[in-house]
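First the structure, in the form of structure tokens, and then the observations on it.
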Amino acid sequence: MGNTRKLVLIGLLVSLGLILHFVEAMLPVSMLVPGAKLGLANIVNLIALVIIGFKGGLLIFFLRVFLSSLFAGTFLSINFYLGLGGGLTAYLLMSAVYYFMKEKFSLIGVSVIGAVFHNLGQLLIAYLIISNPGIFYYLPYLTLVAIPTGIAVGLITYFTTGHLSVFTSGGNEDG
């Protein structure tokens with residue numbers, strides 16, 4: 001993939017991630033479990049991982065997190081650190097599973113792992129901030145939401161990447 005094409009794709013995926021982040025913020029999902037989200041922006045992270053590779057996907061993740069927090073006015077707030085910690089934990093584990101256990105996990109499995117570990121990463125950051133181990137009692141409730149949303153995100157990613165063969169025909173460059 002040429003540099004210009006890759007740069008345009010990164011810009012498009014960051015933009016799509018921002019849109020999905022703000023659309024998700026308008027959905028009343030946290031009525032079920034306070035603080036729970038669908039993880040729609042994770043679709044973009046997984047697509048980037050598959051199409052562009054680890055480094056490009058990581059760049060997209062950081063750009064999306066920083067820009068969304070700037071636009072929402074939450075930069076350097078607790079929400080920023082929770083999102084950054086959870087998202088980075090999820091992305092790193094999804095990448096490891098995708099690259100090193102590809103034959104054992106589908107994109108759906110990779111997505112579920114990302115969803116569960118996103119919650120764990122957020123709880124670890126929350127623990128570092130409030131120093132109360134009781135925060136981890138919340139993990140089973142978050143996991144009950146993470147598993148079906150991870151499946152949905154994985155399915156969307158699977159079917160979307162199947163239609164993006166124009167980008168995947170050469171494979172990713174930093175896999």
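Please treat every number below as a calculation from the coordinates, not as lab data. Not measured: the values here are computed from a predicted model. Note that we place each Cβ from the backbone using ideal geometry, even for glycine, and neighbour counts take in every protein chain shown.
How long is the gain from Phe62 to Asn79 if the chain were fully straight, where each residue apart is worth 0.36 nm and the alpha carbon distance is subtracted? Mind dumping the intermediate values first?
Values: separation 17, 0.36 × 17 = 6.12 nm, distance 1.47 nm.
My answer for the length gained is 4.7 nm.
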Q) What is the dipole size for the chain, taken about its Cα centre, with +1 at each Lys and Arg Cβ and -1 at each Asp and Glu Cβ, in debye to the nearest 20? A) 120
**Q.** In order through the stretch 120-132: 3J(HN,Hα) via Karplus (6.51 cos²θ - 1.76 cosθ + 1.60), integer Hz, x for Gly, Pro
**A.** 5, x, 5, 5, 5, 5, 4, 5, 5, 7, 9, 6, 10
Q) Just Thr74, Thr89, Thr149 to compare: in a GNM of the chain, with alpha carbon springs under 10 Å, which one fluctuates most? A) Thr74
Q. By how many nm would the segment from Lys55 to Leu12 lengthen if fully extended, with 0.36 nm per residue of separation less the alpha-carbon distance?
A. 13.9 nm
Q) So what's the back-of-envelope 222 nm ellipticity for the chain, counting only DSSP H runs of four-plus at -39500 (n - 2.57) apiece and dividing by all residues, rounded to 500? A) -24500 deg cm²/dmol
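Hey, any idea what the orientation-averaged projected area of the convex hull of the chain's Cα atoms comes to, in nm²?
So the mean shadow area of the Cα hull is 10.0 nm².
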(Q) Taking the Cα centroid of the stretch 124-166 and of the stretch 46-66, what is the distance between the two, rounded to the nearest whole Å? (A) 17
(Q) What is the angle, in °, between the Cα long axis of helix 78-100 and the longest principal axis of the Cα atoms in the chain? Nearest 10 is fine, range 0 to 90. (A) 50
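Taking 0.36 nm per residue of separation and subtracting the Cα-Cα distance, what length does fully extending Leu164 through Lys104 add?
Values: separation 60, 0.36 × 60 = 21.60 nm, distance 2.29 nm.
Full extension from Leu164 to Lys104 adds 19.3 nm.
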